[in-house]
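Sending over a structure as structure tokens; questions will come in a sec.
The values are calculated or read from the model by the stated rules, or taken from the named source; none is laboratory data. The structure presented is a predicted model; accordingly, all values stated were derived computationally and were not measured. Methodologically, a virtual Cβ is constructed for each residue, glycine included, from the backbone with ideal geometry; neighbour enumeration extends over all protein chains shown.
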Ligand code: SF4
């Protein structure tokens, strides 16, 4: 199953913990809010991405399943 990262920018407090935990996929903008370099999470970073989502203090970062093409 492929997964992607998503950020709820309304809930996010912009302190940047996720970028410290997952710098391969998350950078911060000038105000400290996360920017996702790649939305799809490579399999090799799945564990780190799950940890970043779990540790987000505002529950603003989450992993979402990507639907497989051709499935209904
Ligand atoms: S850890 Fe969560 S609250 Fe903090 S910047 Fe990242 S998404 Fe926002």
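Please specify each residue of segment 28-44 satisfying the condition of being touching a helix residue (DSSP H, G or I) at 6+ places or on another chain (Cβ under 6 Å) and more than 10 Å from the ligand (Cβ to nearest atom).
Selection gives 41 alone.
Moving on. Name the pairs: first residue in segment 52-67 and part of a strand (DSSP E or B), second residue near the ligand (Cβ under 8 Å from one of its atoms), Cβ to Cβ under 7 Å, at least 6 apart or on different chains?
61/7; 61/18; 61/52
If you don't mind, there's one more thing I want to ask. From 14, 47, which residue is at pLDDT 95 or above and either within 12 Å of the ligand (Cβ to nearest atom) or in a loop (DSSP other than H, G, I, E, B) (or both)?
Being at pLDDT 95 or above and either within 12 Å of the ligand (Cβ to nearest atom) or in a loop (DSSP other than H, G, I, E, B) (or both) holds for just one of 14, 47, which is 14.
In segment 28-44, which residues are exposed (fewer than 15 other Cβ atoms within 10 Å of the Cβ) and either in contact (Cβ under 8 Å) with a residue 60 or more places away in the chain or not in a helix (DSSP H, G or I) (or both)?
29, 30, 31, 32, 35, 37, 38, 39, 40, 42
Can you name the residue in segment 50-64 that is more than 10 Å from the ligand (Cβ to nearest atom) and in contact with a strand residue (DSSP E or B) (Cβ under 7 Å, 6 or more places away or on another chain) and, of all such residues, is farthest from residue 9 (Cα to Cα)?
Filtering segment 50-64 for residues that are more than 10 Å from the ligand (Cβ to nearest atom) and in contact with a strand residue (DSSP E or B) (Cβ under 7 Å, 6 or more places away or on another chain), the one farthest from residue 9 (Cα to Cα) comes out as 50.
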